[in-house]
Amino acid sequence: MKLKYDFIVREIGERYVAVAVGENAEDFHGIIKMNKSGKIILEMMKNEISKEELVAALMDKYEGTEEFFSGEVDKFVKSLADVDAIIL
């Protein structure tokens, strides 16, 4: 899976927001709000990446189980798919 658009990410307080930029930015209307792990996932999805690779990266950065991070990746990827921001 991979992002469909180029996004710029900014920190606002303890949260992050992503806004589409570049030539296709006019096709994406909205802002993606996320936490720090969401930011990591989003940035890794700039290139083609598998769910397993995303889960492994989160497990390297944070403490938790594979099952927990797998669920977190699923939720975030679903939220991106719901707004048509990724190519599955």
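I want to confirm something. Restricting to the stretch 14-24 and keeping residues that are out of contact with any helix residue (DSSP H, G or I) (no Cβ under 6 Å at 6 or more places or on another chain) and under 24 Å from Glu63 (Cβ atoms), which single residue is surrounded by the most Cβ atoms within 10 Å (Cβ to Cβ)? The extreme case among them is Arg15. Applying the criterion of being part of a loop (DSSP other than H, G, I, E, B) and without any contact (Cβ under 8 Å) to a residue 24 or more places away in the chain to the residues of the stretch 25-48, the residue that is most open to solvent (accessible area, probe 1.4 Å) is His29.
Would you say Lys4 is farther than 14 Å from Ala85 by Cα and among the basic types (Lys, Arg)?
Numbers: farther than 14 Å from Ala85 by Cα: no; among the basic types (Lys, Arg): yes.
Criteria not met by Lys4.
So that you can scan it fast, the table gives a plain yes or no per residue for (1) within 12 Å of the chain's Cα centre (by Cα); (2) within 20 Å of Val17 (Cβ to Cβ); (3) among the hydroxyl-bearing types (Ser, Thr, Tyr):
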| position | (1), (2), (3) |
| --- | --- |
| His29 | no, yes, no |
| Ile32 | yes, yes, no |
| Glu43 | yes, yes, no |
| Lys51 | yes, no, no |
| Tyr62 | no, no, yes |
| Thr65 | no, no, yes |
| Phe69 | no, no, no |
| Asp82 | no, yes, no |
| Ile86 | yes, yes, no |
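Inside the stretch 63-87, residues that are touching a helix residue (DSSP H, G or I) at 6+ places or on another chain (Cβ under 7 Å) and either open to solvent by 80 Å² or more (accessible area, probe 1.4 Å) or assigned to a loop (DSSP other than H, G, I, E, B) (or both) make up a count of 1.
The values are calculated or read from the model by the stated rules, or taken from the named source; none is laboratory data. Keep in mind the model is a prediction, meaning the values are calculated, not measured. Backbone-built Cβ (ideal geometry, glycine too); neighbour counts: all protein chains shown. Surface areas here come from the heavy atoms of the whole protein model, side chains and all, with no ligands, DNA or RNA. Shrake-Rupley method; radii C 1.70, N 1.55, O 1.52, S 1.80 Å.
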